[in-house]
Every structure is written in C-alpha cells, then in structure tokens.
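What follows is a structure written as structure tokens; I'll ask about it next.
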Amino acid sequence: MSRWMLIAVMAMLAAAPAAAGAAPAPAAPGVVLESLTVADTAEDGQQVSASARLRATAESVPVDAIAVAVRDSNGRHFDFPGASAATIPSSGFTLTTGARTFPAGDYRILVAVKAGGHWTGLTPYRYLTVRANPVTFRQDFSGPADAGPNYGLTTAMWFGTDRARLDGLGHLVLSADRLSMLDTSGNDGAAAWTQQGGHVEIRMAAPSGGQAIRAGFRTIGADAAATGRAATGRIDIASIDGGQPGVVGQYAHGGTPDLNFGAVAPVSGDWHVYALDWRSGADGSLKWSVDGVVTQELTAARAGAAWTAFRRPHALELETNGGALVVDWIRVSRYPER
C-alpha cells in the first residue's frame, strides 16, 4: 500500500462514527468539483494560492463551509486560508483561497465541503511538490587553529583583516576589526559574493568587555565603494552595544534621508542564532528573528522610497571594535522573488 493510500485509509477511519449505531456521514451534498487550480511545484517560502470551481447538480445547495485542504506525506494539515460558507448554484461557484507558504515536501490538495455538520472530500485531487530553497553560501569554520577565515572556501570571500582566525574548534574568532566580502583594499571595493533577498542567519556569541564594545553582523550594499556606505543600504542583523547589555539591535539603513528603522530585542546568555528573512520584491519585507522568534518587521510600504536600498545585491560583513566576536556558522539561502 502506498503512503498516500495509507493516509486516505487513516483519514476514513478517523472520520468514522465514534459509537456503534451512530449515523453515517452523508454522501456528497449535491455538489461536484469542476476544477481545482493550483501550482504543481513551488519553492520553500513561495506564496501559493488555489482556486476551486464547484457547481450544484440540481438546485442551489447552501453549505456551511468550502475549504481547500492540504495534507503532507505524513498526514499533517497545511490547509489554505479562506474557508467560507456559500450557496452553490447549478451555474457554478468559484472559491479563491488566500495565499500561504509550505515547507519543502510533497502535498495532496483537495476540496472539502461541509454540510449538515459533516465534511465531504471532492475529487479530483491535486499534488504539490515544494522544493527546498537553494543554499547560496554556507560556512561552518571547520579547520585547524590559526587558519584564516577563507579556509575551506574554493574562492576567497572575506577581506580586510588578519585578526580573524579559526580556533580549531569549529569557530571563527574576530578581534577588533572588520571582516567584509567587499575587497576595499585590493579590488576597488568589488564584492566577492552578493545576493538580493533571501534568508540569512548566523550563530554567534558577542564579545564581552564593557560599555565601549561594539560588534555586529550585517548586510551592506555591494556598491558601497562607489556610492558610499551611507547611501548604499545596510541591514544590521545583529548589532551589539556593550552599553546596552541584554539586548541586540536590529536596524535598516538606506535612502536619503536615512530610513534609520529599528529597535532592540531582548537576549540572554552568549550564543544565539540571529536571522533575517529578506523579501526584496516591490511588496516585500525584512523580518528579523532571534533563535527562531520573529522580533520585528519592516515592510516595503512602510519604508517608502528608501525600499530601493533593499532591492539591490548586498554583501556580508562582521565587525567588532574590541573583545572577541566568535562565530559558529553562517548560512544563506535564496527565496523565489515575485
């Protein structure tokens, strides 16, 4: 028996009456599904919606709800938003769902109608495969003690300091300097690596050393050498200020005058995963998170004209003015942009 057949049998059993002698669920309530339109492939993080066309087989049929249900290969629910009551005429009725994203995996999609307190699934089904977003940059800093930050990379990505070294325990240690993917010393500021949008995350421990310490991980516009850092756009994924213990700054800079958006989020302890979800489309957004919890968001609408600073490629930078900034890993993946 295939996994999908097993899921169908389990669903039928789950929907069976709980007590002997209970009334069975009714057959399809005089409604047929003419079409179900939905993408058959998508990428992790991509918005997907569905449209269903139904009609009554005779007279109009009022129903308690119409929903487009989604099940993954383990039977878990990922239904589309937008279920609603309706009266379905013989001439036809169209339901268009809200949009949502799906984790990578395989899904079965079906239309279900609720009438008389019972749900009935309609055929045909559709199937959706969601692909994982491609990882575009990954570094775990494995290597011998005292190796440089480009150890293990096929192409040198980091420039600007000899004060960044591996500790031999899977960490990069940066002391009192800036480590950038912009080659400001030998190649007129050219970026070794850039990306527009995507998911950027780092696991790091901020330096200690008192109120004078400043440290951070950011994106910076790839054309910073030509346009200047103030104009090119910058996203502070994690900004540490020794004068503000127990918090991390998360900021966006860009435009003229500077957007200067952001605030601080509470943190405790040394190690955290700081992340940015960056949708660079015209209706996009920036979402910051700490250890998987979203802490703030900037939408394109709120940024206004300054949003152009985040619709261009950026590179990555690490910086500390003192102490030791310790990094476990950095990962970047790409989102599909609309």
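Quick test of your reading of the structure: residue 154 fulfils all but one of (1) at positive phi; (2) surrounded by fewer than 16 Cβ atoms within 10 Å (Cβ to Cβ). Name the failing condition by number.
Evaluating residue 154 over (1) at positive phi; (2) surrounded by fewer than 16 Cβ atoms within 10 Å (Cβ to Cβ) leaves (1) as the failure.
Right, something else. Which residue, of 312, 302, is more than 15 Å from residue 275 (Cα to Cα), part of a loop (DSSP other than H, G, I, E, B) and assigned by TED's automatic domain parsing to the domain that holds residue 189? Break it down stepwise before answering.
Values: 302 fails: part of a loop (DSSP other than H, G, I, E, B).
The match here is 312.
Looking at the range 29-44, I want the residues that are not assigned by TED's automatic domain parsing to the domain that holds residue 116 and have a partner that is not in a loop (DSSP other than H, G, I, E, B) with Cβ atoms under 8 Å, at least 6 apart or on another chain. Which pairs are those?
none
One residue is enough: does the range 100-112 have a residue meeting the conditions of a type outside the set (S, T, N, Q), more than 30 Å from residue 131 (Cβ to Cβ), surrounded by 13 or more Cβ atoms within 10 Å (Cβ to Cβ) and in contact (Cβ under 8 Å) with a residue 12 or more places away in the chain? Spell out how you get there, then give the answer.
Step one: filter the range 100-112 for residues of a type outside the set (S, T, N, Q), giving 100, 102-112.
From what's left, more than 30 Å from residue 131 (Cβ to Cβ): none.
No, because not a single residue in the range 100-112 is of a type outside the set (S, T, N, Q), more than 30 Å from residue 131 (Cβ to Cβ), surrounded by 13 or more Cβ atoms within 10 Å (Cβ to Cβ) and in contact (Cβ under 8 Å) with a residue 12 or more places away in the chain.
Can you tell me which residues in the range 63-85 are charged (D, E, K, R), under 25 Å from the mean Cα position of the chain (by Cα) and assigned to a strand (DSSP E or B)?
As a first pass, look at the range 63-85 and keep what is charged (D, E, K, R): 64, 71-72, 76, 79.
Okay, now just the ones that are also under 25 Å from the mean Cα position of the chain (by Cα), so 71-72, 76, 79.
If the condition is that a residue be charged (D, E, K, R), under 25 Å from the mean Cα position of the chain (by Cα) and assigned to a strand (DSSP E or B), then 71, 72 are the ones that fit.
If we scan the range 281-289, do we find a residue that is under 26 Å from residue 228 (Cβ atoms), surrounded by fewer than 20 Cβ atoms within 10 Å (Cβ to Cβ), more than 16 Å from the chain's Cα centre (by Cα) and not polar (S, T, N, Q)? Can you show your working first?
As a first pass, look at the range 281-289 and keep what is under 26 Å from residue 228 (Cβ atoms): 281-282, 284-286, 288.
Right, trim to surrounded by fewer than 20 Cβ atoms within 10 Å (Cβ to Cβ) and you get 281-282, 285.
Those still in the list that are more than 16 Å from the chain's Cα centre (by Cα) too: 282.
Applying the additional criterion that residues be not polar (S, T, N, Q) yields 282.
Yes, the range 281-289 has at least one match.
Residues that are closer than 30 Å to residue 326 by Cα: find the strands (runs of 3 or more DSSP E) completely inside the range 99-166 holding 2 or more of those.
On the way: elements: 105-115, 118-131, 135-139, 164-166.
Hits in the range 99-166: 135-139, 164-166.
Follow-up question, since we're still on this one. Of the residues 58, 22, 28, 18, only one is in a loop (DSSP other than H, G, I, E, B), in contact with a strand residue (DSSP E or B) (Cβ under 6 Å, 6 or more places away or on another chain), at pLDDT below 95 and more than 30 Å from residue 134 (Cα to Cα); which?
Numbers: 58 fails: in contact with a strand residue (DSSP E or B) (Cβ under 6 Å, 6 or more places away or on another chain); 22 fails: in contact with a strand residue (DSSP E or B) (Cβ under 6 Å, 6 or more places away or on another chain); 18 fails: in contact with a strand residue (DSSP E or B) (Cβ under 6 Å, 6 or more places away or on another chain).
From the options 58, 22, 28, 18, the qualifying one is 28.
Next question. Scanning the range 236-264 for residues that are surrounded by 14 or more Cβ atoms within 10 Å (Cβ to Cβ) and of a type in the set (S, T, N, Q), which turns out farthest from the chain's Cα centre (by Cα)?
Of everything passing the filter in the range 236-264, 239 is farthest from the chain's Cα centre (by Cα).
Name the residue that is nearest to residue 254 (Cα to Cα), counting only residues in the range 290-331 that are at pLDDT 95 or above and of a type in the set (Ser, Thr, Tyr).
Within the range 290-331, the match that is nearest to residue 254 (Cα to Cα) is 299.
With the requirement that a residue be within 19 Å of residue 125 (Cβ to Cβ) and either in contact (Cβ under 8 Å) with a residue 60 or more places away in the chain or surrounded by 15 or more Cβ atoms within 10 Å (Cβ to Cβ) (or both), what does the range 75-93 give you?
75, 78, 79, 80, 82, 83, listed by residue number.
Please determine whether any residue of the range 110-117 is in contact with a helix residue (DSSP H, G or I) (Cβ under 8 Å, 6 or more places away or on another chain) and farther than 30 Å from residue 192 by Cβ.
To start, the set of residues in the range 110-117 that are in contact with a helix residue (DSSP H, G or I) (Cβ under 8 Å, 6 or more places away or on another chain) comprises none.
Checked the range 110-117: no residue is in contact with a helix residue (DSSP H, G or I) (Cβ under 8 Å, 6 or more places away or on another chain) and farther than 30 Å from residue 192 by Cβ.
Another question, if that's okay. Mind checking which residues of the range 171-201 are over 26 Å from the mean Cα position of the chain (by Cα) and in a loop (DSSP other than H, G, I, E, B)?
Once the filter is applied, which keeps residues that are over 26 Å from the mean Cα position of the chain (by Cα) and in a loop (DSSP other than H, G, I, E, B), the range 171-201 yields 184, 185, 186, 187, 188, 189.
Restricting to the range 214-235, and then to whatever is free of Cβ contacts under 8 Å to residues at least 12 places away in the same chain and assigned to a helix (DSSP H, G or I), can you tell me which residue is nearest to the chain's Cα centre (by Cα)? Step through it out loud before you land on a result.
To start, the set of residues in the range 214-235 that are free of Cβ contacts under 8 Å to residues at least 12 places away in the same chain comprises 227-229.
Pick out the ones that are also assigned to a helix (DSSP H, G or I) and you get 227, 229.
Working: 227: 29, 229: 27 Å.
Step by step, filter the range 214-235, then rank; the result is 229.
The values are calculated or read from the model by the stated rules, or taken from the named source; none is laboratory data. Everything numeric here is computed off the predicted structure, so don't read it as measured data. Because the Cβ atoms are built from the backbone with ideal geometry, glycine has one as well, and the counts that use them run over all protein chains shown.
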